[in-house]
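Input: a single structure, listed below in C-alpha cells.
The values are calculated or read from the model by the stated rules, or taken from the named source; none is laboratory data. Predicted, not measured: the structure shown is a model, and the values here were computed from it. Glycine also receives a Cβ, built like all others from the backbone with ideal geometry; neighbour counts cover every protein chain displayed.
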Amino acid sequence: MTASENRLVYLYRQYVNKSCTSEEMLEFFEYVRDPDYEKVLEIMAEEHLESVQVLASLPVIDWEHMYRSVVAAGEFSRPPLISGGEDTGADIGRNRKGRVIPLFAWPRVATQVAAAVTIIVLCGGGYFFLTRRQHRSPERTIAKKDVTPGYNKAILTLSDGDSITLDSAHIGVLAQQGNAAVVNSVNGQVVYTAAASTGLSGAGKVTYNTLTTPRGGQYQLTLPDGTKVWLNAASSLIYPTTFSGDERTVQMTGEVYFEVAHDKKRPFKVKVGGQVIEDIGTHFNVNAYTDEPAQTTTLLEGAVRIGGHILKPGEKASVAVSGTVAASGAVHVSKGDPEQAVAWKNGLFDFTDNDLPTVMRQLARWYNVDIKYEGKIPERQFTGMIGRSLTLAQVLKGLARESIQYRIEEGNHLIITP
C-alpha cells in the first residue's frame, strides 16, 4: 500500500474503534469525498474483511449524525460565521458550555454534510457498499438485466368502486368521501382531512376505502382520526372514511406500520389473517404476508393486546400461519427487534439472521421479481443492512460475496443457482 492508503486504513480503524479525534474524523471524510472514491471503497472493503466482527455491531454509518456528534462534543475551536440570537434555520449543535454553534459555520463541514454519504455493511457476506443518498426516479435508465427499486405508488379504491392510481401525476384533492376530503400529496401520502376536528362522527352511512400497494410499491396514509399508516409493498388496508361508534377498526394484508392517534374512548383495532390486534395508544408494525411462516406484530411504543397477551415495547407476538389465516390460540410472545421490524419504513433492508429464502422474499416484493431456485436452495445466513434505493443487481452483488450464484432474466425473473 502507498502511504496515503495506509493512512486511510489507520483512520478507518480509528473510526470503527471509536477512537477518532475530530481532526482525524474530518480527514477520514476527506478520503471518502475523494473523486476516486471507488478506490477508497476497494481499500476499505479489504480492511472490512479483516474486521467483520468489529463491524457487526455497526451495520450503518450515518455521516450527518457523526458530524452532529462531533459538533456537540465541542471539539471545534473555530468561531462561528453565523452569530446573533435569531434563528437562522441552519442545523445547530451545542458545545459543552451550551453555546449554540451553527453547523454551517464551517464550510468544510457543511459541504460534507450535503454529500450525505452512507456506508452500508453486509457483515454476513463480507460486503461493504458505499453510496451517496439520492432520490431515485422510477424512470431512471439502468443497465440491461437489472431491476430498479420500488417507489411510492398505490391504488386507492373509493366507496363507489372507482379506482385512482396514486403517483406524482395525481396531486391534490382526489375525492370527497363522507365528511372527509381525500388529498394526495407530493411525498407519497394520502391524507383524509375530516370536517370534524376529531375525524369522528356518529352520523351518516359508514363508507369504506381501500389502499393497495403492488409489488414494487409503498405508500403512506393519514386516517381521518389522525392515525398515520405506512404500507409496505404488496399490502392493503381497508378503512372507514369516517370513524363512528365506540371503536375504530381497519383490516389489512401484507405489512403495515401504525402510529395510532390515541383515543381511550374508541380503541383502535386491526383485523389481519383471522386475528385482531387492539391498540392502546401505540406505534407497532404488523408483518402478515401469506408467504411468510408466521404473522408477527412488533411493538415500538405503547401497548397492544393480541389474543389475551399485552405486548410491552420491544416485544413481538408471532402466530403460526395455516394457509392464509393465522392459527387461532397460537400466539407466542418473545423479545423483538423494533429497528429490524421497521427498517423497510426507513428505507433499508435489514437481513439480520435471515436465511436465503427470507432474503429473497423481501427482494421479490420490493423489486417485483419472481424467484426461482435451480437445484437445492443454498444454506446461507445473512446479517447486515443495505439501502432499498439500490438496484437489484447492486444488492445481489453484496449477497454474491457469500457464494450466492444468480442471474437476472428478462421479464423480471431472478434465478438462484447452486
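Residue check, Arg380 against (1) surrounded by 15 or more Cβ atoms within 10 Å (Cβ to Cβ); (2) within 22 Å of the chain's Cα centre (by Cα), all met but one. Which one?
Unmet condition: (2).
Given the condition at pLDDT 95 or above and touching a helix residue (DSSP H, G or I) at 6+ places or on another chain (Cβ under 7 Å), answer yes or no: does some residue in region 335-358 qualify?
Scanning region 335-358, I find no residue that is at pLDDT 95 or above and touching a helix residue (DSSP H, G or I) at 6+ places or on another chain (Cβ under 7 Å), so the answer is no.
I'm trying to understand the selection: among the residues of region 338-351, which are part of a loop (DSSP other than H, G, I, E, B) and either crowded, with 18+ Cβ neighbours inside 10 Å or of a type in the set (A, V, I, L, M) (or both)?
Hits for region 338-351 are Val342, Ala343, Trp344, Phe351.
Out of the residues in region 202-216 that are assigned to a loop (DSSP other than H, G, I, E, B) and surrounded by fewer than 18 Cβ atoms within 10 Å (Cβ to Cβ), state the one that is modelled with the lowest pLDDT.
The residue in question is Gly202.
Could you figure out which of (1) at pLDDT below 95; (2) touching a helix residue (DSSP H, G or I) at 6+ places or on another chain (Cβ under 6 Å) isn't true of Ala233?
If we test Ala233 against (1) at pLDDT below 95; (2) touching a helix residue (DSSP H, G or I) at 6+ places or on another chain (Cβ under 6 Å), just (1) comes out false.
Could you please find all residues in region 388-418 being among the small types (Gly, Ala, Ser) and modelled with pLDDT of 85 or more?
Matches in region 388-418: Ser389, Ala393, Gly411.
So for region 320-328 (the condition being over 20 Å from Ser236 (Cα atoms) and either touching an Asp or Glu at 6+ places or on another chain (Cβ under 6 Å) or assigned to a loop (DSSP other than H, G, I, E, B) (or both)), does at least one residue qualify?
Taking every residue of region 320-328 in turn, none turns out to be over 20 Å from Ser236 (Cα atoms) and either touching an Asp or Glu at 6+ places or on another chain (Cβ under 6 Å) or assigned to a loop (DSSP other than H, G, I, E, B) (or both).
If a residue has to be without any contact (Cβ under 8 Å) to a residue 60 or more places away in the chain and not in a loop (DSSP other than H, G, I, E, B) to count, how many in region 359-393 make the cut?
Count: 8.
Look at region 220-247 and say how many of its residues are within 18 Å of the chain's Cα centre (by Cα) and of a type in the set (Phe, Trp, Tyr).
The total comes to 1.
Exactly one condition in (1) charged (D, E, K, R); (2) farther than 25 Å from Val182 by Cβ; (3) crowded, with 23+ Cβ neighbours inside 10 Å is false for Glu292; which is it?
Going through (1) charged (D, E, K, R); (2) farther than 25 Å from Val182 by Cβ; (3) crowded, with 23+ Cβ neighbours inside 10 Å one by one, Glu292 breaks only (3).
Would you tally the residues in region 147-161 being in contact (Cβ under 8 Å) with a residue 12 or more places away in the chain and either under 27 Å from His413 (Cβ atoms) or surrounded by fewer than 14 Cβ atoms within 10 Å (Cβ to Cβ) (or both)?
Selection size over region 147-161: 9.
Give the residues of region 359-418 that are basic (Lys, Arg) and closer than 28 Å to Ser236 by Cα, sorted by residue number.
Once the filter is applied, which keeps residues that are basic (Lys, Arg) and closer than 28 Å to Ser236 by Cα, region 359-418 yields Arg361, Arg365, Lys372, Arg388.
What are the residues in region 394-418 that are more than 16 Å from Pro149 (Cα to Cα), touching a residue at least 40 places away in the same chain (Cβ under 8 Å) and polar (S, T, N, Q), if any?
Thr417
Yes or no: Leu414 crowded, with 16+ Cβ neighbours inside 10 Å, aliphatic (A, V, I, L, M), out of contact with any Pro (no Cβ under 7 Å at 6 or more places or on another chain) and outside any strand (DSSP E or B)?
No: the conditions fail for Leu414.
(1) buried (at least 17 other Cβ atoms within 10 Å of the Cβ); (2) over 27 Å from Ala288 (Cβ atoms); (3) at pLDDT below 85: which one isn't true of Ala180, the others all being true?
(2)
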